[in-house]
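One structure below.
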Amino acid sequence: MVTSSRLAVVSGGATGIGREIASTFAAHGDRVVIIGRRAELLRQASRDINQTVGSNLVIPLVADLTDPAQVQHAADHITELGKVDVLVNNAGAIITPPDSEGLDALAASWRRDLDTNLITAVLLTNALLGQLTRPGGRLIMISSAAAQRGGAGTHSAGSYAAAKAALHGWALGLARQLGKDGITVNVLAPGYIQDTDIFHGQDTPDFVAKKIADTLVGRPGTPADVAAAITYIASAGAGYLTGQIIGLNGGAVLGR
Ligand code: NDP
């Protein structure tokens with residue numbers, strides 16, 4: 001069995017990008033808490049990864065991270081496991097645009113987007129802040145290239161891009177606050193990443209072709225690309241990397 005003293009927390013770790021990050025951490029011997037709302041999916045992902053690595057390193061934890069009480073409950077449970085060396089705020093979703101016109105529907109849609117893509121990270125981070133390893137803790141937000149170049153039409157009235165961009169300013173402030181404690185804070189902003197659940201089947205061949213055409217390397221990103229970047233940002237060797245918004249988009253933000 002590979003052993004490591006690190007404890008990592010990955011929100012949204014049962015699917016897509018988060019699952020790949022959790023698998024990669026576990027493959028390196030880290031204990032990993034994965035959090036999401038769907039219990040069976042979390043259990044299955046934990047079973048699968050644990051079977052692959054041959055050890056019970058992945059721990060499923062059910063919580064809706066938009067709900068302060070559920071976040072506190074999850075944080076209490078994590079605290080019993082020890083200090084948190086790495087927190088990856090990966091949970092997020094593309095919120096369906098409002099299905100009716102009018103400001104009430106617009107406000108509800110924007111609030112849902114901000115709740116899902118910003119408040120989840122704010123609550124989990126604050127609940128675990130005192131529990132982060134000092135020095136050496138790694139705090140990472142998963143944003144999006146949408147925050148850097150504007151959201152595509154599938155994103156509700158720009159609220160996804162705006163919610164992700166809000167992570168940036170917040171994370172930079174945290175980096176200033178936590179640097180003296182030896183904790184790094186960084187944002188990874190991926191471009192189009194295939195093989196995740198986020199597009200709910202709306203990533204048609206035309207959509208994918210356009211996303212690939214946007215890149216300079218002529219291919220979509222993969223969850224493994226993201227996990228490789230996170231592996232470095234979370235590593236002990238990355239202690240001088242903090243307060244950065246790191247794009248991972250095949251050059252797509254340069255535009256074509
Ligand atoms: P997935 O839909 O596969 O993963 C999103 C995860 O977030 C799910 O496991 C989901 O679990 C969890 N989640 C969503 N809302 C909540 C909540 N309220 N509480 C707890 N967990 C929640 O998509 P991806 O893997 O693609 O997305 C991961 C991150 O990467 C997201 O933040 C996304 O915005 C970002 N991203 C993705 C890109 C892509 O092209 N795929 C590009 C740029 C950024 P559950 O539903 O069970 O709660």
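A few notes on this one:
- Residue in the range 117-138 that is farthest from the ligand (Cβ to nearest atom), counting only those that are small (Gly, Ala, Ser) and buried (at least 19 other Cβ atoms within 10 Å of the Cβ): GLY137
- One residue stands out among those in the range 88-108 that are small (Gly, Ala, Ser) and crowded, with 19+ Cβ neighbours inside 10 Å: the one that is nearest to LYS164 (Cα to Cα), which is GLY92.
- Contact map, the range 183-201: first residue under 30 Å from GLY130 (Cα atoms), second residue modelled with pLDDT under 95, Cβ cut-off under 7 Å, separation 6 or more or different chains; pairs are ALA189/GLN148.
- Residue within the range 25-41 that is surrounded by fewer than 16 Cβ atoms within 10 Å (Cβ to Cβ) and in contact (Cβ under 8 Å) with a residue 60 or more places away in the chain present: no
- When the residues of the range 198-231 are filtered to those that are of a type in the set (A, V, I, L, M, F, W, C) and within 10 Å of the ligand (Cβ to nearest atom), the one that is surrounded by the most Cβ atoms within 10 Å (Cβ to Cβ) is VAL226.
- Within the range 26-56, the residues that satisfy the criterion of being touching a helix residue (DSSP H, G or I) at 6+ places or on another chain (Cβ under 8 Å) and within 24 Å of THR120 (Cα to Cα) are ALA26, ARG31, VAL32, VAL33, ILE34, ILE35, GLY36, ALA45.
- Residue list for the range 90-116, filter: of a type outside the set (D, E, K, R) and either part of a helix (DSSP H, G or I) or more than 16 Å from the ligand (Cβ to nearest atom) (or both): PRO98, SER100, GLY102, LEU103, ALA105, LEU106, ALA107, ALA108, SER109, TRP110, LEU114, THR116
- Checking each residue in the range 154-197 for being β-branched (Val, Ile, Thr) and buried (at least 22 other Cβ atoms within 10 Å of the Cβ) picks out ILE183, THR184, VAL185, VAL187, ILE193.
- For the range 8-52, filtered to residues that are assigned to a strand (DSSP E or B) and within 18 Å of HIS73 (Cβ to Cβ), the residue that is nearest to the ligand (Cβ to nearest atom) is GLY36.
- Taken over the range 53-84, the criterion of being surrounded by fewer than 22 Cβ atoms within 10 Å (Cβ to Cβ), in a loop (DSSP other than H, G, I, E, B) and more than 12 Å from the ligand (Cβ to nearest atom) is satisfied by GLY54, SER55, ASN56, GLY82, LYS83.
The values are calculated or read from the model by the stated rules, or taken from the named source; none is laboratory data. Remember, it's a predicted structure, so these values are computed and weren't measured experimentally. Cβ: placed from backbone, ideal geometry, glycine included. Neighbour counts: every protein chain shown.
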